[in-house]
Each structure stands twice: as structure tokens, then as C-alpha cells.
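Quick note: the coordinates plus some simple rules give every number you see, no bench work behind them. None of the values given here were measured: they were computed from a predicted structure. Cβ atoms come from the backbone with ideal geometry, glycine included; neighbour counts cover every protein chain shown.
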Amino acid sequence: MAITNKSYNNVIYTLARLGEFHEQIETVSVGDIYDIDMSKDTLFPLMHINPLNVNTGESELIYNFQIFLADLVSEKDNWQTYQASGLTKLIDLKNNEQEVYNQQLAIAVDIISMLRHSTQQSLNGVNDINSAVYYTQDQFTIEPFSERFDNLLCGYVFEIGVKVMNDFNACTIPVTAQGAGY
């Protein structure tokens, strides 16, 4: 069976689609960390994909990314849910920061799970669940952050390697015989 090599654009598009169709993510962006739009006009929660590097294996490429998941922290007194209202002696409830951390961590686990098990990809276009198109393995460190920009944001960032098969076919390289050193 021939391998269909996946490009950088294919991998970015797949990650962006995971965010786009996740029902708790409103905005997906791609680029350098400084490209994250922190303005008050951005719809939150936000997923930002920061490309890092690409590693090669025997028959694979591993595209490495930082994934940022962030949401606004409300500093209003009326943010509380019914469940949170019973925690007044345990937790400082001046804002919903803990709730935002909870939701963003759940989204991070969702994204890792979709790539680790590749179930969604297999259900949408690949008939064999063992033939994952994009997948990941490894353990992940999901790190919390809290930042004050034009607004208060918090969430999580993690690095993920997206593994795709690549046959490194030298027969299809667009180079003349002279340029290939023959």
C-alpha cells in the first residue's frame, strides 16, 4: 500500500479543524506566539497553534507544535454557577479563574485524545481505525498560564508532536539529474 505523504499544510489544517469543530472553542489561529490576538474583540475560548519544528524518522515526520488554549477570566461577582456557590469557604471566588482552568484543561485533553486515538479521523474518511492519518503518542505536560493583556486570560499550553507517515520517495523530487549529483 502506497503512503500518501502529508504536508505541513495538511497537518496545520487538521489541527485547526480539530479546534474549529470543538464546540467549546470559538477562535482558532496559527502562527508565532506573538501572533495571538489578545484584543477584546476576539471571541474566546481561543486555540492558538504555534509551529515549532519537524523531526524525521525512518518512515515518518513528526511536526511539533505548541498549543495554547485560553479564555477570559470574569472579575464580576455574579459569575458563579450553582455548583461553585457552595465552595465559598474553600476557594477565593472573586473571579472564575478556576472554572476557566478546568474548561481549558478539558479541551486540552480532548485534543490530545483525538490525536492519540485518531478515532474521529478514522470515522471521517479512513475505513480502518488502525490506519490513523495523523496521530500522537508520548506523555504530555500541560502547563497553566495566566496573563494580563487588555483583558485577563488564563488557560493551558502544551507541546504536541503530530506524527505522519512519509516514504521519503526520491523518485519524485523536482530536480534534474545534474542537480541530483548523478
Dividing the alpha-carbon radius of gyration of segment 12-54 by 2.2 N^0.38 Å, where N counts its residues, gives 1.15
Within a 10 angstrom radius of the beta carbon, how do D71, D35 rank from fewest other beta carbons to most? D35, D71
Within segment 152-166, name every residue whose backbone N is under 17 Å away from a label modeled 7 Å from Cα of N102 along the Cβ vector. 154-156
For the residues L152, L43, L115, L69, what sequence is obtained by ranking on other C-beta atoms within 10 Å, fewest first? L43, L152, L115, L69
